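Encoded as structure tokens, the structure appears first; notes follow it.
No lab work stands behind these numbers, since they all come straight from the coordinates. A quick note: this is a predicted structure, and the numbers were derived from the prediction, not measured. Cβ placement follows ideal geometry from the backbone for every residue including glycine, while neighbour counts extend to all protein chains displayed.
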Amino acid sequence: MLNDYKNDLANLLRESFGVDIRSKTRTYQKPYPTSFDSVAYPAGFRLPEFVKFSGEDTRSTFEHISQYLAQLGEAGSINELRVRLFSLSLTGTAFSWFSSLAPNSIGSWEQLEQKFHEHFFCGHDELKLSHLTSVRQLRDESVNDYIR
């Protein structure tokens, strides 16, 4: 009965105001081709407990990718599995970003990795305080050159 009411209301809105509320309903669709879901895991594969990337901590995107691929082990050599399992290594803002990628917008691991870096990478050089403490002025270097 409730579904009948919803359908009647939807029809009334469409006919009276030209608004189709059913077309506005959004369902989640994976950003990669459905064929990726049929790729088999290597024999004996066990899903690792991934270290999660939130996009709000101090870990760099390169650190996360390196650790993710290491945790995948043998499965990391299969492009489709890299893509398919990547969302399991994300949390918070980063997971929301992945979930918002357009359906079928990712066709390869390289494409996903590039989009990930573009969205979360914090500049050309991710410097830490330890990098700055190792900087030394050269013997014949002017102060201006040293500061630059």
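The calculated FRET efficiency for the pair Glu74 and Thr27, based on their C-beta separation and a Förster distance of 41 Å, comes to about 0.80.
Stretching Arg59 away from Asn144 to a fully extended chain increases their span by 27.4 nm, per 0.36 nm per residue minus the current alpha-carbon distance. Taking only the Cα atoms of segment 31-123, the ratio Rg/Rh comes out at 0.94, with Rh defined as the Kirkwood radius. Each residue in Asp145, Asp140 was given a count of other beta-carbon atoms within 10 angstrom of its own, and listing them fewest first yields Asp140, Asp145. Each label point was placed 7 Å from the Cα along the Cα-to-Cβ direction; for Val51 and Thr34 their separation is 3.7 nm. Model label sites at Ala102 and Gln137, defined 7 Å from Cα along the beta-carbon direction, differ in position by 5.3 nm. Using r as the Cβ-Cβ distance of Phe121 and Leu88, and R0 as 30 Å, what FRET efficiency do you calculate, to the nearest 0.05? Taking R0 as 30 Å, the efficiency between Phe121 and Leu88 is 0.90.
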